[in-house]
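Below you'll find the structure, written out as structure tokens, and then a few comments.
The values are calculated or read from the model by the stated rules, or taken from the named source; none is laboratory data. All figures in this text were calculated on a predicted structure; none of them were measured in a lab. Cβ sites come from the backbone with ideal geometry, for glycine too, and all protein chains shown count toward neighbours. These accessible areas exclude ligands, DNA and RNA; they are computed on the full protein's heavy atoms, side chains included. Shrake-Rupley method; radii C 1.70, N 1.55, O 1.52, S 1.80 Å.
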Amino acid sequence: MADRGCPLEGAPLPAEVRESLAELELELSEGDITQKGYEKKRAKLLARYIPLIQGIDPSLQAEHRIPGPSQTTAVAPKQQKSRPTTSRDERFRSDVHTEAVQAALAKYKERKMPMPSKRRSVLVHSSVETYTPPDTSSASEDEGSLRRPGRLTSTPLQSHSSVEPWLDRVIQGSSTSSSASSTSSHPGGRPTAAPSAAATPGAAAATALASLEAHTHIDLHSAPPDVTTGLVEHSYFERPQVASVRSVPRGCSGSMLETADGVPVNSRVSSKIQQLLNTLKRPKRPPLKEFFVDDFEELLEVQQPDPNQPKPEGSETSVLRGEPLTAGVPRPPSLLATLQRWGTTQPKSPCLTALDTTGKATYTLTYGKFWSRSLKLAYTLLNKLTNKNEPLLKPGDRVALVFPNSDPVMFMVAFYGCLLAELVPVPIEVPLTRKDAGSQQVGFLLGSCGVSLALTTDACQKGLPKAQTGEVAAFKGWPPLSWLVIDGKHLAKPPKDWYPLAQDTGTGTAYIEYKTSKEGSTVGVTVPHTSLLAQCRALTQACGYSEAETLINVLDFKRDAGLWHGVLTSVMNRMHVVSVPYALMKANPLSWIQKVCYYKARAALVKSRDMHWSLLAQRGQRDVSLSSLRMLIVADGANPWSISSCDAFLNVFQSRGLRPEVICPCASSPEALTVAIRRPPDLGGPPPRKAVLSMNGLSYGVIRVDTEEKLSVLTVQDVGQVLPGANVCVVKLEGTPYLCKTDEVGEICVNSSATGTAYYGLLGITKNVFETVPVTAGGSPVFDRPFTRTGLLGFIGPDNLVFIVGKLDGLMVTGVRRHNADDVVATALAVEPMKFVYRGRIAVFSVTVLHDDRIVLVAEQRPDASEEDSFQWMSRVLQAIDSIHQVGVYCLALVPANTLPKAPLGGIHISETKQRFLEGTLHPCNVLMCPHTCVTNLPKPRQKQPEVGPASMIVGNLVAGKRIAQASGRELAHLEDSDQARKWRACGTHAHLRTAHLQASGTVTSTATCVQLHKRAERVAAALMEKGRLSVGDHVALVYPPGVDLIAAFYGCLYCGCVPVTVRPPHPQNLGTTLPTVKMIVEVSKSACVLTTQAVTRLLRSKEAAAAVDIRTWPTILDTDDIPKKKVASIFRPPSPDVLAYLDFSVSTTGILAGVKMSHAATSALCRSIKLQCELYPSRQIAICLDPYCGLGFALWCLCSVYSGHQSVLVPPLELESNVSLWLSAVSQYKARVTFCSYSVMEMCTKGLGAQTGVLRMKGVNLSCVRTCMVVAEERPRIALTQSFSKLFKDLGLPARAVSTTFGCRVNVAICLQGTAGPDPTTVYVDMRALRHDRVRLVERGSPHSLPLMESGKILPGVKVIIAHTETKGPLGDSHLGEIWVSSPHNATGYYTVYGEEALHADHFSARLSFGDTQTTWARTGYLGFLRRTELTDASGGRHDALYVVGSLDETLELRGMRYHPIDIETSVIRAHRSIAECAVFTWTNLLVVVVELDGLEQDALDLVALVTNVVLEEHYLVVGVVVIVDPGVIPINSRGEKQRMHLRDGFLADQLDPIYVAYNM
């Protein structure tokens, strides 16, 4: 059936109207018109085409609500006999509210939202019991629901969108809506049998979405933000089309070229994000007061109260006194005395009738039987239970009562038996499984009450979960219990004259009733004997109970009103209670009405859901009569939404003898027991009242009778008068309990002799709740005795009637406004209840994120709901709640039917649901987060401050009085002749082992002394000159696996004057992605020849390779495996030290392929510097586990080992994949003093060998020889990893101070190395918030927002470092974060670029400061960092300067005017949930995109969305725009173990990640 709120679906609009609408849309999108103006104009245009909502005159909608029998004529149409399964919770039903919601939604028709995309496999939900659901129902603690008779279950009624189940119609006569609405809310003329495809909401949404995508001409991709600094001309290369990144093994995607351009415009991601951006156009921020934001302190904005918000204006309320308890009537001294009296004088009169699930009376307990059985139990408890000849129980001990809802007889005997034995009964629910929702908390209650004995029945005990021994299992968190079965045969008969000495008149505790608080903790409310008696007397007087009356009780008899009326007060008045169990209500919802009729009952005790259920079932029942009822007590009258059930029930049953004045709502709370109850007029009650209140007013705690705004109103009914003998007042919720004004909502407080007195064993909160002293505005107490807070929010209306508008437990405070969970549930249910929410099961609660409550709504969706349906429902709920409550929903989650945790009577266990949401174990199947619209208290975006100019520089001091951040390593003596070191190594007599190259099995594959290397290099040189016909200065690509061949080929090139370029060979399993990269480096470096091995040559010429790269385009390929032994005539000597020695190509983390030129002079200087720093003497053993293709890895493999003459053990990192312990074993075997590795190697060892240190020790691995273990990296040191590595391998003798890090980059491959002599690396803690403002503020370890940073090693000899401002290029003080600039003889001489873009490399390699020392030439590293002078001394005796690297400048994210480092956000995200294996973030347009790898089941993927959003908000004050959940291994990582975020970003935009789920946060 076409949606009510959308009359436009039916008839097409005339063309001119559509044109005007389009123009309006355009004006709105360009900001020429406000949203309000747009809505006004649009409404005007459409006015003629929109019939009045459902034909109701709006002026009638919420006015005179007169109940009248005449209205029952408009009951359901005939054709729908069968009852639909989707019964929904009627407490929340209100036609006016439904109409209001539909009207609100009609306004919103235009706003479209992007749909999340989900991998198909995630859609196939293992829906729990598709069509025959077990008993479950709606949001409040104990709602039940109904089953359709079995034979109907297969009818596809509910999937047929046209059949609007008729209960929609039943309530039409309800007095909640005007008489006009009762007839017209089902427009009779509409055919209900032929739904058109386009009219079904799903299809409509789909077409709307399609048309929107088609019309999105705005091309966001035309100029993507250039995240790379464009070091290589991108457009020149095609990006290799990666079919799916997941096929790339992590180690090998190393040098793939990544460009930031080339975003395909038609990718599905972009059109969705486009929609998202359109949606976000409507700014939600309230105007906030301006204030100065200090650069450090990111003050969260405090929402200022709106000057126009409604304020209470009435006079102060006073204490309301109930009528006195009637004196003069002879009352029994106690309940037990009464029981004895009835048991001995009226033994035959019935006390309690139990029914089975068919509605037959299974057993009637008479007062005589009741008395004798209670005595028997008391005798057994006191005399027959012994523990080592000691009685097990002493008077006052607590005993748990574990009885099912279907066995009131045994419960009653047990309860009174305990009272007779002076024991304190603690009734609890029957635990069904070992891990029930909230069961642990019940265990806590039992433990704190010191319960050691549980009473139960034979049948119940058999059904409890058992341990292997056959005993009842120990439940999680429960104290050890003995179980006593109290069926007759297990009890001992007391002697004739035995009578217990029960004292039940004093202030001793009579029983303890459990209560679950909002946070989920379970507490016990103690009710003393005096209160018990007073409660029974007050109820007897208020309800006019008389002897031998019959009461039908549908409630749970273990607690609350069910216990007070059906177990306690009934005994005082010798009443006959007929207990209707929950299971019978589910099978036959009319059962209680039939029992009223059968027993001619005078009173009945129900909840609004029972009335609602019977409405659904009453058709065709002609013979029921309710004329005998004088009181129908509605126990949950305190729920504002109960009014609709009461009205609807009256409408239908008035014709069957129900009198309007019989319906008596009452309000109660576990702490204060019954608070108020409506009296029938014959007991002196005033006529009932209703109030129609403005929801907006209520959200500010103010009562405003709503007049103009017909949409958002709350209609409440009174819950009658205060109980006899009680005093009631209304106090403010927070702070001192001042009395409220007459038009203000507050918490109801009660003072009477009939309330609970404490939370058992919890003195602190007891005082707050049970001993409140309300005061007047002047501060004087209003009464001489303390009051008990009830947890009910309301006010006192006319005629001293009490009105309740909500519960403290359901209160959510966002900003300065208060919202009630029940109201939000009602609005959500009014959206499209029948089509979508499974049995009305919705939970609403708030979570605290960023110092404010955020509303979360979780609903169970019907098993047959499609993605489109659910998304459409979600977006409509958001709009409805926004419109009616003016509040944003932070997160909306849908879970499969029947998966929310259940409360004992089938309702939703709210606190457990919240717990699961926060722990990430809710497993939703759809999630929509709206942080953009909800979170309005973020810090202001930062305005950049003007920087210090040259004029402020006085003799090297900044105005701030800080040191200029500048430091240098030791001086280098004059450089020796730059001729390559290999010559004097070769001519010398060093004939011993120079290099050993290991493979996975640990065997040495090749070794070479310098002489052997020299000879092999000569052969390569000869081959190059003869076969390759190369001339001096030609470039040669060396494509070798790691090994001695690579080193020989490198020197061979130098011997003949060629320039070598080392290239990682393609990966045989992954040619498609790795080969194009090899080809690209060969092309970009303009190599004239490729030197390689036979195996690689075969690979390059294979069929598979031909698919990726055309074979004919390769230059000459020479393999050096069997070249003839030849000497070269003369070895090439460079004419000047500045001649190019080699090219070093690598891919930066930002995805730029860049080659740098290294001259002979720089190469020599580099070797010399490293030799000095690490003290590399010829006698030293060094183990290197790095890739030999670029950067420091290459220098250590090929240059230093030859220059310094020490022995190198080379371990290729790839070999660790098949033998993780290879590197550490080699270090131990060769007793290496110095070793180098990469982070990926360290991570492999930590993860792979963590549990095997014992095994390694047995194999003789000993790391005590290591002095320094350096991690080679171009990033911020990963402290967590280095620390866990040190801790793990401490057992193998690794010295605690050995592990350190290095720092190098493209412009200078080695800036810092720890070395052997200097002081230990230091760690400082900086304030992460200050870093975002480019400031460095040191804080103590463990302080909030602290970030540990480790020094990146000591600055190398000959290297000078300064920190410069990224924009002004001025020098900075040491309290600032800036770009690290370096000056050193081993700086690279420039980029080797394709088009030789001089400007680019001039800037990077020859930068000068804008003021201060403007002469020195520096190279810009592109990394942010800071310098600190430490207290340590270095080798030369001066104070040691430490360099801290914070992160790459290209990778930083500029958001909200601040600079964020991706790694910080990623660290927070990885901590958010144990299933997050890895994470990477990047920005796209102005949205923050978070990609997380899920190491778990795909079903759990959606749990991560909310957790990721929460943690980034809390710790970084950023709103996540898109959360992408992918498989492990999708985030590309290069050979150095660094994440390639730009590569990932391109994959995301090109839609190549094959994500499990993509969530767009609104």
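Descriptive notes on the structure:
- Residue list for the stretch 1122-1136, restricted to those being of a type outside the set (A, V, I, L, M) and open to solvent by 70 Å² or more (accessible area, probe 1.4 Å): 1122, 1124, 1125, 1126, 1127, 1130, 1133, 1135
- Residues in the stretch 1536-1546 that are of a type in the set (Asp, Glu) and in a helix (DSSP H, G or I): 1546 alone.
- If only residues of the stretch 1312-1329 that are modelled with pLDDT of 90 or more, of a type outside the set (Phe, Trp, Tyr) and within 20 Å of residue 1432 (Cα to Cα) are counted, the one that is surrounded by the most Cβ atoms within 10 Å (Cβ to Cβ) is 1312.
- Filter result for residue 868 (surrounded by fewer than 22 Cβ atoms within 10 Å (Cβ to Cβ) and either charged (D, E, K, R) or over 25 Å from residue 96 (Cα atoms) (or both)): yes
- Residue within the stretch 470-482 that is open to solvent by less than 20 Å² (accessible area, probe 1.4 Å) and more than 30 Å from residue 754 (Cβ to Cβ) present: yes
- Scanning the stretch 645-677 for residues that are of a type in the set (Gly, Ala, Ser) and either in a helix (DSSP H, G or I) or open to solvent by 10 Å² or more (accessible area, probe 1.4 Å) (or both) yields 645, 648, 655, 657, 668.
- Among the residues of the stretch 420-437, those identified as farther than 18 Å from residue 519 by Cβ, assigned to a loop (DSSP other than H, G, I, E, B) and open to solvent by less than 30 Å² (accessible area, probe 1.4 Å) are 421, 423, 431.
Quick grid of which residues meet (1) modelled with pLDDT under 85; (2) in contact with a helix residue (DSSP H, G or I) (Cβ under 9 Å, 6 or more places away or on another chain); (3) farther than 30 Å from residue 902 by Cβ; (4) among the polar types (S, T, N, Q):
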{"site": "480", "(1), (2), (3), (4)": "no, no, no, no"}
{"site": "496", "(1), (2), (3), (4)": "yes, no, yes, no"}
{"site": "503", "(1), (2), (3), (4)": "yes, yes, yes, yes"}
{"site": "514", "(1), (2), (3), (4)": "no, yes, no, no"}
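- Within the stretch 1007-1113, strands (runs of 3 or more DSSP E) holding 1 or more residues that are open to solvent by less than 10 Å² (accessible area, probe 1.4 Å), closer than 18 Å to residue 1201 by Cβ and not acidic (Asp, Glu): 1035-1039, 1059-1063
- Candidates 707, 736, filtered to the one that is assigned to a loop (DSSP other than H, G, I, E, B), of a type outside the set (Lys, Arg), open to solvent by 20 Å² or more (accessible area, probe 1.4 Å) and at pLDDT 90 or above: 736
- Every listed requirement among (1) touching an Asp or Glu at 6+ places or on another chain (Cβ under 8 Å); (2) closer than 30 Å to residue 1256 by Cβ; (3) open to solvent by less than 10 Å² (accessible area, probe 1.4 Å) is met by residue 1352 save one, (1).
Results for (1) out of contact with any Gly (no Cβ under 7 Å at 6 or more places or on another chain); (2) closer than 21 Å to residue 1074 by Cβ, shown as yes or no for each residue.
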{"residue": "1100", "(1), (2)": "yes, yes"}
{"residue": "1103", "(1), (2)": "yes, yes"}
{"residue": "1116", "(1), (2)": "no, no"}
{"residue": "1154", "(1), (2)": "yes, yes"}
{"residue": "1176", "(1), (2)": "yes, no"}
{"residue": "1203", "(1), (2)": "yes, no"}
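- Some residue of the stretch 1112-1123 being polar (S, T, N, Q), modelled with pLDDT under 85 and over 15 Å from residue 1039 (Cα atoms): yes
- Scanning the stretch 371-405 for residues that are in a strand (DSSP E or B), modelled with pLDDT under 90 and within 27 Å of residue 527 (Cα to Cα) gives a single hit, 391.
- Those residues of the stretch 1533-1546 which are within 25 Å of the chain's Cα centre (by Cα) and open to solvent by less than 10 Å² (accessible area, probe 1.4 Å), in sequence order: 1544, 1545
- Within the stretch 1547-1561, the set of residues being open to solvent by less than 10 Å² (accessible area, probe 1.4 Å) and either part of a loop (DSSP other than H, G, I, E, B) or acidic (Asp, Glu) (or both) comprises 1553, 1556, 1561.
- Meets criteria (surrounded by 20 or more Cβ atoms within 10 Å (Cβ to Cβ) and among the charged types (D, E, K, R)) for residue 1144: yes
- Subset of the stretch 349-370 [in contact with a Ser or Thr (Cβ under 6 Å, 6 or more places away or on another chain), under 17 Å from residue 586 (Cβ atoms) and at pLDDT 90 or above]: 354, 356
- For residue 440: the one exception among (1) in contact (Cβ under 8 Å) with a residue 24 or more places away in the chain; (2) assigned to a loop (DSSP other than H, G, I, E, B); (3) open to solvent by 30 Å² or more (accessible area, probe 1.4 Å): (2)
- Candidate set from the stretch 1273-1289 (those that are at pLDDT 90 or above and part of a loop (DSSP other than H, G, I, E, B)); member that is farthest from residue 1421 (Cα to Cα): 1278
- So residue 1332, is it under 15 Å from residue 1461 (Cβ atoms), crowded, with 24+ Cβ neighbours inside 10 Å and not aliphatic (A, V, I, L, M): yes
- Tallying residues that are open to solvent by less than 40 Å² (accessible area, probe 1.4 Å) and over 20 Å from residue 520 (Cα atoms) within the stretch 794-820 yields 11.
- Sub-8 Å Cβ pairs linking a first residue in the stretch 1115-1126 that is of a type in the set (Lys, Arg) to a second residue that is open to solvent by less than 70 Å² (accessible area, probe 1.4 Å), at least 6 apart or interchain, are 1125/1019; 1126/1018; 1126/1019; 1126/1022; 1126/1023, ordered by first then second residue.
- Flag for residue 849 being hydrophobic (A, V, I, L, M, F, W, C), surrounded by 20 or more Cβ atoms within 10 Å (Cβ to Cβ) and at pLDDT 85 or above: yes
- Among strands (runs of 3 or more DSSP E) entirely within the stretch 1402-1521, having at least 3 residues that are at pLDDT 90 or above, within 27 Å of residue 890 (Cβ to Cβ) and in contact with an Asp or Glu (Cβ under 6 Å, 6 or more places away or on another chain) singles out 1476-1484.
- Candidates 1200, 1237, 1190, 1185, filtered to the one that is closer than 23 Å to residue 1143 by Cα and free of Cβ contacts under 8 Å to residues at least 40 places away in the same chain: 1200
- Considering the conditions (1) over 15 Å from residue 560 (Cα atoms); (2) open to solvent by 10 Å² or more (accessible area, probe 1.4 Å), residue 680 is excluded by exactly one of them, (2).
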